[in-house]
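Worksheet: the structure to be examined is printed underneath.
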Amino acid sequence: MEYPPRTVILKDGTSSLIRSLSPDDASAAIRYLKQVFDETDNLARYPEEFFLTPEEEAQVLRDAAHSPRSVMLGAFVGNQLASLIFLFPFERQKMAHRGQLGLSVRKEFWGRGLGRSMMSAVLECARRSGLEQVELEVVADNLPALDLYRKAGFSVYGMRPRGFRLRDGSYRDELLMLRTL
């Protein structure tokens, strides 16, 4: 799904362009993902667990762009990819009314309102695509993300105890959240 490019002004007055990612963004997306996976334990991977080549990532972005119901958006501050959000519908017919989303923001842009702008954009896409329910998972002690998701209308419907096992051997619970549209 294509999202019309939009400029948003962040809390600090910085301008950010939110737009659909294209296959030309594949290398930037890979660099971005490896960086954000390294910046926090709140995401599901470590940087070395991301294996897509630029060609494979370009195909993922091409597929999302040509899908009537999937979307991958990037927020750019200058030429820098500062945030990424995806929305993928479930493929099975009985679950096709539902979509899964994931959001990440580069650490240097935390607390500037970029996550809120990205969430607003992806929920607009979800409505346009005909989805009835959007779901996500979040580490239970990631309080800023929980606050963002609650303000966006998501509610907790379950918990996955010990959902993450970190390298130091500690565990983190995951909360399952959803929002009906």
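The values are calculated or read from the model by the stated rules, or taken from the named source; none is laboratory data. These figures come from a predicted structure and were not determined experimentally. No Cβ is skipped: glycine too gets one built from the backbone with ideal geometry, and neighbour counts run over all protein chains shown. Note: areas computed on protein heavy atoms with side chains; ligands, DNA, RNA excluded. Shrake-Rupley method; radii C 1.70, N 1.55, O 1.52, S 1.80 Å.
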Taking the full set of protein chains and a 1.4 angstrom probe, give the accessible area of Leu131 in square angstrom, rounded to the nearest 10.
10 Å²
Structure-derived P(r) over Cα pairs in 5 Å bins from 0, in percent: which label, when the choices are [x] 1, 8, 16, 19, 18, 15, 12, 6, 3, 1, 1, 0, 0; [y] 2, 9, 19, 24, 23, 16, 6, 1, 0; [z] 1, 8, 16, 20, 22, 19, 11, 3, 0:
[z]
Mind checking which lysines have their Cα closer than 18 Å to the Cα of Lys11? Skip sequence neighbours fewer than 8 apart in that chain.
Lys107, Lys151
Expressed per residue, the solvent accessible area of the chain in Å² (1.4 Å probe) is about 53 Å²
Per-residue [θ]222 nm for the chain (sum of -39500 (n - 2.57) over DSSP H runs n ≥ 4, rounded to 500)
-9000 deg cm²/dmol
Measure off, as a whole percent, the carbon and sulfur share of the 1.4 Å-probe accessible area of the stretch 1-78, all protein chains present.
54 percent
Karplus ³J(HN,Hα) for the stretch 13-20 (6.51 cos²θ - 1.76 cosθ + 1.60, θ = phi - 60°; Hz, whole; x = Gly/Pro) runs x, 6, 8, 9, 9, 9, 8, 5
To the nearest Å, what is the center-to-center distance of the stretch 1-49 and the stretch 59-133, using C-alpha atoms only?
10 Å
Treating the beta-carbon of each Lys and Arg as +1 and of each Asp and Glu as -1, no other charges, what is the dipole magnitude of the stretch 1-155 about its Cα centre, to the nearest 20 debye?
660 debye
Starting from the Cα of Arg165, step 7 Å along the direction of its Cβ; do the same at Glu137; then give the gap between the two resulting points in nm.
1.4 nm
